[in-house]
Amino acid sequence: MGHGVFPSFYWKIRNRKLSGHVVKSVYWTKTVSNVAVIYLDTCTLRPWRDGDEYSLSEHANNRKIWDRVRDFFPHPYTVRDASSWIRMNRSYQQPVNLAVDVGGKAVGNVGFTIKEDIYRFNAEIGYWLGENYWGHGIMSEAVPAMVNYIFTNFQVNRLFGCVLEGNEPSMRVLMQAGFRPEAVLKKAAIKNSRYLDEHIFALLREEFVAHQRTVSITEKH
């Protein structure tokens, strides 16, 4: 992966817009062990850790979630699958997947994958959330925070997300986070033996920076 240096910081923002979404309280922390924790109003984004296995398998083992993601996402989602996921993520020096923590339990994930070769300055963002927590604005807050984390700490020029047709809530989350509809790949995906359109949403670094400047100027006035 090609990524930049993680800066040492303790950054606090109140009543500020992150990529178009109002976040009342955000705390960014970084320790000597490269552990990033982001405290939001609706949840906390933190690295995956030992002990998350049962909560992860409980919330990820849901056909409604699997229907909206790629097939490599296990279903059924067992404790063994959860252990493998946590072990893989603990091996990274700098987190690329953060657990969505609500009330001390890991109930979802938001993360990204940096592409390779001539696409090495592209990253794909992805996320899922346990069904019991849908409709509470959690991802509408978590995704903009992750966008900020990515552009601040990694050498990414273009961030994009892919959404299967019929998943309008996920499309709204991306657009609220500043992404723009970029393309629709007709019948490009197959899920449950059905060909589906894939909707691509993208956000360039220059667009992110321009928005942050606009927010900063607005706050000063």
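At-a-glance table
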read-out: The range 78-150 - Rg and Dmax from Cα coordinates, angstrom; value: 13.5, 41
read-out: Under 5 Å, built H, 5+ apart or other chain: amide partners of Leu196; value: Ala188, Ala189, Ile190, Lys191
read-out: Contact order relative to length of the range 61-195, as percent, for alpha carbon pairs under 8 angstrom and 6 or more apart; value: 20
read-out: Over the range 31-85, volume per residue of the alpha carbon convex hull, in Å³; value: 114
read-out: Amide H contacts of Val100 (H built 1.01 Å from N, under 5 Å, at least 5 apart or other chain); value: Val107, Gly108, Asn109, Val110
read-out: P(r), alpha carbons of the range 96-199 - 5 Å bins starting at zero, rounded %; value: 2, 11, 21, 22, 21, 15, 6, 2, 0
read-out: Cβ-derived FRET efficiency at R0 22 Å, Val37 paired with Arg87, nearest 0.05; value: 0.65
read-out: R0 of 30 Å, Cβ-Cβ distance Glu207-Phe72: FRET efficiency to nearest 0.05; value: 0.50
read-out: Against the rule of thumb 2.2 N^0.38 Å, how large the Cα Rg of the range 154-204 comes out; value: 1.20
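None of the figures in this text is laboratory data; all of them are computed from the coordinates on show. As the structure is a prediction and not an experimental result, all values here were calculated from the model. Glycine also receives a Cβ, built like all others from the backbone with ideal geometry; neighbour counts cover every protein chain displayed.
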